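The block underneath contains the structure these notes are about, expressed in structure tokens.
The values are calculated or read from the model by the stated rules, or taken from the named source; none is laboratory data. Everything quoted here is computed from the prediction, not taken from an experiment. As a convention, Cβ positions derive from the backbone with ideal geometry for all residues, glycine included, and neighbour counts pool all protein chains shown. Note: areas computed on protein heavy atoms with side chains; ligands, DNA, RNA excluded. Shrake-Rupley method; radii C 1.70, N 1.55, O 1.52, S 1.80 Å.
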Amino acid sequence: MPLLSRRETLTGLGALALGGCSPQPRPGSEPLVSILRAPGYTQDLYDSVRRLLLEHRLDVRGKRILLKPNLVEFDPSTTINTHVLLVHAALEAFRSLGASAVQIAEGPGHRRLTLDLADAAGYFETIPGFEGVFTDLNLDEVRQVKLARPFSKLRSLFLPQTALACDLLVSMPKMKTHHWVGATLAMKNLFGLVPGAVYGWPKNILHWAGIHECIADLHRTFPSHFSIVDGIVGMEGNGPVQGTPKPAGVIVAGRDPAAVDATCCRIMGLDPAKIHYLKLAETRDQTREECVRQIGEAIAGVRTPFDLIPQLRWVGAS
Amino acid sequence: MLSALRAAQNRDGGWGYAGGSSWTEPTVYALLALRAEPGSSQAVERGLAWLRGARRQDGGWAPHPAVDQSTWVTALVALLPPESTWDAPAQALEWLLRQTGSESAVAGRLRSWLLGGRPDYERRHAGWPWFPGAASWIAPTALTILALQKLQRRSADRRIEERVEAARKFLMSRVCRDGGWNHGASRALGYETDSYPETTGMALLALDGVAFPGLSKALARAGRHLEQCRSAQASSWLELGLLAHGKPAPQPKGPGGLCRSTMDTALCLLAEKALRGNNLFLG
């Protein structure tokens, strides 16, 4: 278990002084999270994703949208990558809602052959003109960004211009267990924004600076954010690379990534309060179920406990 | 492919990854591929001028002019042959010798000991990180070995000999269960992992002339990777690695890969040269 930092200690003492509870959110101001049942990767996804965006009243007219899926490995038979059909459905939905531009971008962490990887994952075949809408974030133009009040040891990061310039970043992760941090969802997916051409493959400097803390730093750096999690078939066991497929049959979405991730954790049978990066990013108790306004399916109705390797059992819900 | 590579040169003399501004990595590979090619002397001279101007005060090179940190790309610059007016490898040497992966430094080993548990790797053998302050990984270690070996051939240096020997041991300690290499994590939390084509090719290239117990298995894995490879860049690294060990590269059975970027094109050209007996990473 990580030792408490000075920041965490002070935050904890502050909470205790307030009676161990944050002020109750104003009714109706809680983060909204949708759980949508989706039994498979079918053409129905196009309509489902559009309805989902309407449900969240996203005004994207004239805005530049950046879809950030999770591309990791070549093998199309695994469930390691965000499914291309969901990404294409999101692209079409944002276009139909009046976005001025919808781009797809990713910077894989281990493999540097991003376009070849996207090709193998079916992106070229499924998305017309894919190369014209895709940016390899590992090789994009970069700008140094100072991290405001960083949680990690980093004081600044070089980040891709494409991600910095968009109006709305849409994190589209695969719902997976993660052997270092518990779960990889909307927030952890932001590691793919960090350019490999600067930091390498893997982006190991983030590990040395504190994985959880870097996730929280990236989350804070990209506040204009929407999340659509591919939990139709997720990955359990030794994720995020070597796990096994786990059909959960859901898409989870919302504007607050911490709330979305916490909801995903509950679906996966994980305790979000035990995931350190979620606690770091929490600003209004989003990891507590009662502080999230859930729409669509109820968590109990879609709960699908993910198998955990022994080293990850600490994150399981008791 | 040569003319495509020349046409992709930026006005400032460098090359981008796929258009865009000039980066050190694609510039070095383009220069390696174009060097000594008829009709390329002007392009090469302009490229070298861009690199000369990009050298940092600490003796290293940054990946891009916007980045204020010398990194692993310094090893790439050291792969370039010395010119009559500029000896890039010699300039890069001291910076490269100062770098090591954090896991093998005293502080990293102490940290690992304090955290307890059984480490996945032997931490004594120092390789090179992508970025200062991080751990060692296969690609930067393999490329730095190749650069230092070139320098060693020019003038013997005990420090180079020691670092290359340790780095080769690092590579051999990170072989995956299937005989090849991935990014450098052949085990994680005790679980074995599988190799990638591109890093298998790079590691084999860096282990040129080294007979080690896993060599046959590594070469067999590289051959199988190449048969099924779907990436032009990865295929090139595999060909370079196999050729370094005197193995003819098998024909791919799969769809192969398209040259989509400066790096893809340059590495295809370098693999073709190696096929004709001129492996510029080793010469």
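Miscellaneous remarks
- Percent carbon-and-sulfur accessible area, the stretch A:130-202, ignoring ligands, DNA and RNA, probe 1.4 Å: 51
- When B and A come together, around 3300 square angstrom of accessible surface is lost from both chains combined, probe 1.4 Å.
- The alpha carbon centroids of the stretch A:202-234 and the stretch B:181-210 are separated by 26 Å.
- Carbon and sulfur %, accessible surface of the stretch B:1-108 computed with the full protein complex present, 1.4 Å: 51
- With all pairs of separate Cα atoms included, the stretch A:82-132 yields a Kirkwood hydrodynamic radius of 11.7 Å.
- Candidate aspartates and glutamates for bridging to A:Lys279, where Cα separation is under 15 Å - those fewer than 8 sequence places away on the same chain excluded: A:Glu8, A:Glu213, A:Asp217, A:Asp256, A:Asp261, A:Asp271, A:Glu289
- Alpha-carbon gyration tensor eigenvalues x 5, square-rooted, for the protein assembly as shown, Å: 41, 26, 23
- Summing charges over all other residues whose Cβ lies under 15 Å from the Cβ of A:Leu185, with Lys and Arg as +1 and Asp and Glu as -1, gives +3.
- Over 23 Å [Cα-Cα, the stretch B:141-241], rounded percent: 26
- Residues in the stretch B:31-80 that, when all protein chains are in place, have 20 Å² or more less accessible area than the chain alone would give (probe 1.4 Å): B:Pro63, B:Ala66, B:Val67, B:Asp68, B:Trp72
- Spatially near lysine pairs across the stretch A:73-231, Cα under 23 Å, sequence gap of 8 or more or different chains: 9
- Other-chain or far-sequence residues with amide H under 5 Å of A:Ala248's (modelled H): A:Val233, A:Gly234
- Taking the C-alpha atoms of chain B, convex hull volume expressed per residue in Å³: 133
- With the biggest extent put first, the Cα atoms of the stretch A:84-165 measure 41, 32, 21 Å across the principal axes.
- Overall Cα dimensions of the stretch A:226-274, principal axis frame, Å, largest first: 29, 23, 16
- The charge dipole of the protein assembly as shown, taken about the Cα centre with unit charges on the Cβ atoms of Lys, Arg (+1) and Asp, Glu (-1), comes to about 1060 debye, rounded to the nearest 20.
- Charge dipole of the protein assembly as shown about the Cα centre (unit charges at C-beta), most positive-ward option of B:Pro248, A:Ile104, A:Pro202: A:Pro202
- Two-decimal log10 I(q)/I(0) for the stretch A:217-318, as the Debye equation yields it once each C-alpha is a single scatterer, q = 0.17, 0.18 Å⁻¹: -0.79, -0.89
- Each part reduced to its alpha carbon centroid, the stretch B:17-45 and the stretch A:126-168 end up 26 Å apart.
- Those aspartates and glutamates that a straight Cα-Cα span of less than 12 Å connects to B:Lys169, excepting residues fewer than 8 apart in one chain: B:Glu122
- Zone of B:Ala188's modelled label, taken as backbone nitrogen in the stretch A:294-318 under 16 Å from a point 7 Å along Cα→Cβ: A:308-313
- Spin-label model distance (nm) - B:Leu215 vs B:Gln42, 7 Å beyond Cα toward Cβ: 4.6
- Debye intensity ratio I(q)/I(0), log10, the stretch A:108-151, q values 0.22, 0.25 Å⁻¹ (C-alpha model): -0.79, -0.91
- Using a probe of 1.4 angstrom and keeping all protein chains present, the accessible surface of the protein assembly as shown works out to 40 square angstrom per residue.
- Here the average projected area of the convex hull drawn through the C-alpha atoms of chain A stands at 15.2 nm².
- Taken residue by residue and averaged, Cβ atoms of other chains lying within 10 Å of the Cβ of A:192-205 number 6.
- Scalar couplings 3J(HN,Hα) for the stretch B:155-170, obtained by applying the Karplus form with A = 6.51, B = -1.76, C = 1.60 to θ = phi - 60°, are 8, 4, 9, 4, 5, 5, 4, 5, 5, 5, 4, 5, 5, 5, 5, 4 Hz; x denotes Gly and Pro.
- Available extension along the chain between A:Glu289 and A:Arg303 is 3.7 nm, counting 0.36 nm per residue and deducting the alpha carbon span.
- Think of chain A as a dipole: +1 on every Lys or Arg Cβ, -1 on every Asp or Glu Cβ, centred on the Cα centre; then among A:Ala248, A:Asn81, A:Cys214, A:Cys214 lies furthest on the positive end.
- Paramagnetic reach from A:Arg95 in the stretch A:54-77 [backbone N under 14 Å; point 7 Å along Cα→Cβ]: A:65, A:67
- For q = 0.11, 0.22 Å⁻¹, Debye-computed log10 I/I(0) when each Cα of the stretch A:93-237 counts as one equal scatterer: -0.42, -1.71
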